[in-house]
1. Would you please name the GluC sites (Glu not before Pro) within the chain that are DSSP coil residues with at most 12 other C-beta atoms within 10 Å of their C-beta?
2. Residue separation times 0.36 nm, minus the C-alpha to C-alpha distance between THR59 and ALA39: what's the value?
3. Out of the total accessible area of the chain (probe 1.4 Å, heavy atoms of protein only), what percent is carbon and sulfur?
4. Hey, got a sec? Which chymotrypsin sites (Phe, Trp or Tyr not before Pro) in the range 1-57 land in a DSSP loop and have at most 13 other Cβ atoms within 10 Å?
5. Between LEU23, LEU37, LEU12, find the one with the highest GNM mean-square fluctuation for the chain; connect C-alpha pairs within less than 10 Å.
6. Do the sum for the chain: with -39,500 (n - 2.57) for every DSSP H run of n ≥ 4, divided by all residues, what is the mean residue ellipticity at 222 nm, to the nearest 500 deg cm²/dmol?
7. Which residues among the range 28-51 fall inside the zone where the amide N is under 19 Å from a point 7 Å beyond the Cα of LEU13, along Cα→Cβ?
Amino acid sequence: MGGGDSTPVDNLLDQGFEYLTVLDISSTALERAKARLGAHALQVTWIEGDITVFPSSMTYDV
């Protein structure tokens with residue numbers, strides 16, 4: 001959450017983590033991160049939304 005244009009997702013991908021999801025309220029921040037990651041962005045689920053009202057049936061480790 002709030003991961004948009006920050007780099008933790010880059011580091012997690014580099015370490016071999018899978019099933020990564022990045023949620024951010026800013027579509028601009030998400031697009032910047034996708035551009036930075038290039039083809040690796042396809043390994044991430046990107047969600048534009050507000051964490052305070054984010055409905056999910058998935059369980060996430062933070």
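The values are calculated or read from the model by the stated rules, or taken from the named source; none is laboratory data. Note that the structure is predicted; figures quoted are calculated from it, not measured. Backbone-built Cβ (ideal geometry, glycine too); neighbour counts: all protein chains shown. We work out accessible area using only protein heavy atoms, side chains counted, and drop any ligands, DNA or RNA first. Shrake-Rupley method; radii C 1.70, N 1.55, O 1.52, S 1.80 Å.
1. Listed in order of number, the matching sites are GLU18.
2. Contour length minus the Cα-Cα distance gives 4.6 nm.
3. About 55 percent, which is the carbon plus sulfur part of the accessible surface.
4. PHE17, TYR19
5. LEU12
6. For the chain, the value works out to -8000 deg cm²/dmol.
7. Taking a point 7 Å out along Cα→Cβ of LEU13, the residues of the range 28-51 whose backbone N falls under 19 Å are 28-49.
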